[in-house]
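To keep things clear, I will list the structure first and then write my remarks on it.
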Amino acid sequence: MKLKLADAEKIADRVCFRFGGLIVAVAQDVHTSEVLMVAFMNREALIKTLTTGLVHYWSISRGRLWMKGEMSGNVQRVVDVIFDCDYDTVLVKVEQVGVACHEGFKSCFHNKIDTSYVQT
């Protein structure tokens, strides 16, 4: 999915950026429906995502825009973009190239609770 800049800006105008100009962005594998990661987007990241077809995020820790996979090559190709009812969260359905997690896992959601530690 790649949009023209003017169309991407119109979409961004509808978005309710909160938390210092950010929205929550959920990346989901288009083939398996597995949630791969959750990050943030600012207006620029959203527009870049919509116009390039590659997912961009705002990194709070780095304090800058970054394209997923810019260093690792594990890019996320945009297939579909869906906003929630308040336009303050975005679901990005992607084709993941390589792994999504910076620790080498397919998904960032790999830390399952070990219930053997729960006392009854």
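Evaluated at q = 0.12, 0.15 Å⁻¹, a Debye calculation over the C-alpha positions of the chain (equal weights, vacuum) places log10 I(q)/I(0) at -0.44, -0.65.
The C-alpha atoms of the chain define a longest principal axis, and helix 5-14 lies at about 60 degrees to it. Any idea which of Gly104, Thr52, Leu65 is furthest toward the positive side of the dipole for region 5-117, if Lys and Arg beta-carbons carry +1 and Asp and Glu beta-carbons -1? Selected residue: Leu65. Taking Cα centre as origin and charging only the Cβ of basic (Lys, Arg, +1) and acidic (Asp, Glu, -1) residues, the dipole magnitude of the chain rounds to 300 debye. Return one number: the angle in degrees, 0 to 90 and rounded to the nearest 10, between the long axis of the Cα atoms of helix 43-52 and the longest principal axis of the Cα atoms of the chain. In the chain, helix 43-52 runs at an angle near 80 degrees to the longest axis. In order along region 80-88, the Karplus-derived 3J(HN,Hα) couplings, from 6.51 cos²θ - 1.76 cosθ + 1.60 at θ = phi - 60°, round to 8, 10, 10, 9, 6, 4, 8, 6, 10 Hz, and Gly and Pro are given as x.
Full extension of the segment from Ile60 to Thr32, taken as 0.36 nm per residue of separation minus the current Cα-Cα distance, would add 7.3 nm. Sequence-ordered 3J(HN,Hα) estimates for region 53-70 from the Karplus curve with 6.51, -1.76 and 1.60 and θ = phi - 60° stand at x, 10, 6, 10, 10, 9, 8, 5, 5, 8, x, 7, 6, 8, 8, 4, x, 4 Hz, glycine and proline given as x. log₁₀ I(q)/I(0) of region 1-60 at q = 0.17 Å⁻¹, via Debye over equal Cα point scatterers, no solvent, to two decimals? Rounded to two decimals, the profile gives -0.57. Taking a Cβ cut-off of under 11 Å around Phe17, the surrounding Lys, Arg, Asp and Glu residues balance to a net charge of 0, with basic ones at +1 and acidic ones at -1.
Each reported figure results from applying straightforward, stated rules to the coordinates on display, with no laboratory input. Owing to the predicted nature of the structure, the values given are computational and were not obtained by experimental measurement. Backbone-built Cβ (ideal geometry, glycine too); neighbour counts: all protein chains shown.
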